[in-house]
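The values are calculated or read from the model by the stated rules, or taken from the named source; none is laboratory data. Note that the structure is a prediction, hence the values are computed from the model and not measured. For neighbour counting, all protein chains shown are included, and Cβ atoms are generated from backbone atoms with ideal geometry for every residue, glycine included.
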Amino acid sequence: MFARLLFRSLRARRARLALALIAVSLGVAVATMLATLSLGVGDELARELRRAGPNFIVVPAGSRWPFDMGGASYRPTLAGAALGDTVVSALRGTFWRNNLLAAAPEQSARGRVNGRDATVNGTWFDRDAGTPGESWRTGVAALRPHWTVTGRWPADGSDEVALGQTLATALGLRPGEVVTLEVGGRALRAPVSGVVFAGGLEDGHAWLALERLQALTGRAGEVDRVWLSALVKPEPPRAEPDPVRDPRGFERWECTAYPSNLASTFRERLSGAEVLPMSEVLAGEGRVVERLDLLMVLLGLAALTASTLGLLSTTAATVVERRVEIALMRSLGASSRQLGALLFGETLMVAALGGALGWGAGSLAALLVHGGSFGAGGTIHPMLLPVAVLLAAGVATLGTLGPLRVALRIEPARVLRGSA
């Protein structure tokens, strides 16, 4: 009997129910889209932020450098202190190998370019540094994609050189011309392959293949530092869980890509080296991600609030239109519970359908937004379907409570006498 009354009531008010369905579906669709983007956009956003350059630096133990390198307290290498040029291969063998996006070892020396004093850096430009059985190309080109190169980077193993824009301008040089490099009492004739605009002190530097600079300095197999770019999560404000009291929490902590965890693992793998997170860079990236997550939460709440208000107004109008019907049911003995079950039954059925439609529309919208922002399709998350239905049920409940109270206050005698 109740089910028959419910379905007849739904059929009799198709227009009002369609408006309620649209209100619920739109709110759930926006919330689903934001949730889908939040689940799938984290790594993509982190990769985009990593285009800003390295966020870790590996230096010999005991290095002293009073400069602020993006939050890494690094001091110049002491005489005789150096790293082996196998550091990158060693790092690729750690637990965090898939988080390591790019790396570039670097050796620096004071030299002269066409008679002008300059810092000459030996590094990798685009080298395969993968472990046996895999290929992984890395170097300064992948590490610093935000640097603008007029021409191209030198080829690894060649005698080519790239000049910073300030240095090239001072010498009046362009790609294709030949310069004389003097380092450590040795000279090298090197063609200029490109001019680099870095936007900082590096514009006065020159870059050479690592092997060539090692030969000029007589420091074969040695590097001064290794720059790293790795995918990480912001450090949480809470302290590390106690491994005795909370072993599972400690295990989850250890397996999460926090900067301190990566630095600790890298440090254990490398003897005689320090791994320094560039804290200011990492903190800035963390703030961007946190504010984006907060923005998505606020937008989702705003969408659900608007959906609730839309459903509230529709349900209230329905109660006003049906006041005679409600008064008649009350006069025939319908209890408050039965009347509430009828109204909630109608809105919950609309909510179930609206939740499913909102999930589908929101998932498709997330795919379009993800593809337009990152150039690749996203992923549909079926696990969000029950969440969407529950959200719709919550919206339906909140949107029905007020009109239900109005319906329960209707006085049958007064309403029926006024309609006679």
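For residues that are under 25 Å from PRO277 (Cα atoms) and not hydrophobic (A, V, I, L, M, F, W, C), tally how many sit in segment 194-249.
Qualifying residue count for the region: 21.
How many of the residues in segment 132-165 are free of Cβ contacts under 8 Å to residues at least 40 places away in the same chain, under 25 Å from ASN55 (Cα atoms) and not hydrophobic (A, V, I, L, M, F, W, C)?
Of the residues in that region, 5 qualify.
Can you give me the number of residues within segment 201-213 that are free of Cβ contacts under 8 Å to residues at least 24 places away in the same chain and closer than 16 Å to ASP159 by Cβ?
Number satisfying all stated conditions: 0.
Against the condition modelled with pLDDT under 80, under 18 Å from ILE410 (Cα atoms) and in the same structural domain as ALA396 (by TED's automatic domain parsing), how does LEU292 come out, does it pass?
no
Of all residues in segment 328-351, count the ones that are under 17 Å from ARG16 (Cβ atoms) and not charged (D, E, K, R).
Matching residues across segment 328-351 total 9.
May I ask you to list the residues in segment 192-215 that are of a type in the set (A, V, I, L, M, F, W, C) and more than 17 Å from PHE125 (Cβ to Cβ)?
LEU201 - this is the single residue of segment 192-215 that is of a type in the set (A, V, I, L, M, F, W, C) and more than 17 Å from PHE125 (Cβ to Cβ).
For segment 11-28, does any single residue satisfy the condition of being at pLDDT below 85, assigned to a strand (DSSP E or B) and farther than 30 Å from VAL297 by Cα?
No, that holds for no residue.
Where in segment 173-280 are the strands (runs of 3 or more DSSP E), entirely inside, with at least 3 residues that are surrounded by fewer than 18 Cβ atoms within 10 Å (Cβ to Cβ) and not polar (S, T, N, Q)?
In segment 173-280, 186-197 are the strands (runs of 3 or more DSSP E) which contain 3 or more residues that are surrounded by fewer than 18 Cβ atoms within 10 Å (Cβ to Cβ) and not polar (S, T, N, Q).
What single numbered condition from (1) modelled with pLDDT of 90 or more; (2) of a type in the set (Val, Ile, Thr); (3) within 32 Å of the chain's Cα centre (by Cα) fails to hold for VAL232?
That leaves (1) as the condition not met.
Using the structure shown, decide if THR36 is modelled with pLDDT of 70 or more, crowded, with 21+ Cβ neighbours inside 10 Å and closer than 30 Å to LEU342 by Cβ.
Criteria not met by THR36.
Inside segment 55-108, counting only strands (runs of 3 or more DSSP E) that do not spill past its ends, which hold 2 or more residues that are at pLDDT 85 or above and within 27 Å of ASP128 (Cβ to Cβ)?
In segment 55-108, the matching strands (runs of 3 or more DSSP E) lie at 56-60.
Contact list please: Cβ distance under 9 Å, first residue in segment 172-200 and closer than 21 Å to ALA220 by Cβ and assigned by TED's automatic domain parsing to the domain that holds SER158, second residue part of a loop (DSSP other than H, G, I, E, B) and among the small types (Gly, Ala, Ser), pairs at least six apart or on different chains.
The qualifying pairs are GLU182/GLY115; GLY184/GLY218; ARG186/GLY218; ALA190/SER158.
Can you say whether LEU216 is of a type in the set (A, V, I, L, M) and farther than 18 Å from TRP153 by Cβ, as far as the supplied structure shows?
yes
Could you say which residue among ALA209, ALA215, ALA190 is of a type in the set (Gly, Ala, Ser) and within 40 Å of the chain's Cα centre (by Cα)?
Only one candidate qualifies: ALA209.
In the list ARG330, ARG337, which residue meets the criterion of being out of contact with any helix residue (DSSP H, G or I) (no Cβ under 6 Å at 6 or more places or on another chain) and assigned to a helix (DSSP H, G or I)?
The unique qualifying residue is ARG337.
So that you can scan it fast, the table gives a plain yes or no per residue for (1) at pLDDT 75 or above; (2) out of contact with any Leu (no Cβ under 7 Å at 6 or more places or on another chain):
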site	(1), (2)
ARG323	no, yes
PHE344	no, yes
LEU357	yes, yes
GLY377	no, no
VAL395	yes, no
GLY399	yes, no
GLU411	no, yes
